[in-house]
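The values are calculated or read from the model by the stated rules, or taken from the named source; none is laboratory data. What you are looking at is a predicted structure, and each value in this text was computed from that prediction instead of being measured. Cβ placement follows ideal geometry from the backbone for every residue including glycine, while neighbour counts extend to all protein chains displayed.
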Amino acid sequence: MNDLTDSDQRRHPRLKHRAKIKVTLSRSSGLFFADMRDFSESGLFLLCSGELIPELNTMVEVQTTEFEDAPVRSTKVVRIEPGVGFGVEFI
């Protein structure tokens, strides 16, 4: 797996887009909403308060709230920016 921490090594270009995202923690009934900062073909970056940021390698499900019946996507936390948010990769 490629290291996604270096922006020069990103596999897919990022597109800035603001959207409210429903985040469900796969191992518990945890649920919260985050703001998407950007996305790409391989994943997205979510802005949220520090206490909500899941641990690295945590599996989470994401779903946009922009339209009804949006697909739920399984993802894995691959990058954390403390105090800012986290990046997930689609699996």
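In the condition set (1) in contact with a Leu (Cβ under 9 Å, 6 or more places away or on another chain); (2) modelled with pLDDT under 95; (3) surrounded by 12 or more Cβ atoms within 10 Å (Cβ to Cβ), residue 31 is compliant with all but (3). Restricting attention to the stretch 41-91, the residues that are touching a Gly at 6+ places or on another chain (Cβ under 7 Å) and among the aromatic types (Phe, Trp, Tyr) add up to 2. Looking at this structure, is residue 45 among the hydrophobic types (A, V, I, L, M, F, W, C), surrounded by fewer than 17 Cβ atoms within 10 Å (Cβ to Cβ) and either closer than 18 Å to residue 18 by Cα or without any contact (Cβ under 8 Å) to a residue 12 or more places away in the chain (or both)? In short, no.
Scanning the stretch 59-91 for residues that are under 11 Å from the mean Cα position of the chain (by Cα) and free of Cβ contacts under 8 Å to residues at least 40 places away in the same chain, which turns out farthest from residue 36 (Cα to Cα)? Out of the qualifying residues, it is 59. Within the stretch 8-21, is there a residue that is at pLDDT 95 or above and surrounded by 11 or more Cβ atoms within 10 Å (Cβ to Cβ)? The answer is yes, given that some residue of the stretch 8-21 is at pLDDT 95 or above and surrounded by 11 or more Cβ atoms within 10 Å (Cβ to Cβ). Scanning the stretch 65-91 for residues being crowded, with 17+ Cβ neighbours inside 10 Å and farther than 17 Å from residue 14 by Cα gives a total of 1.
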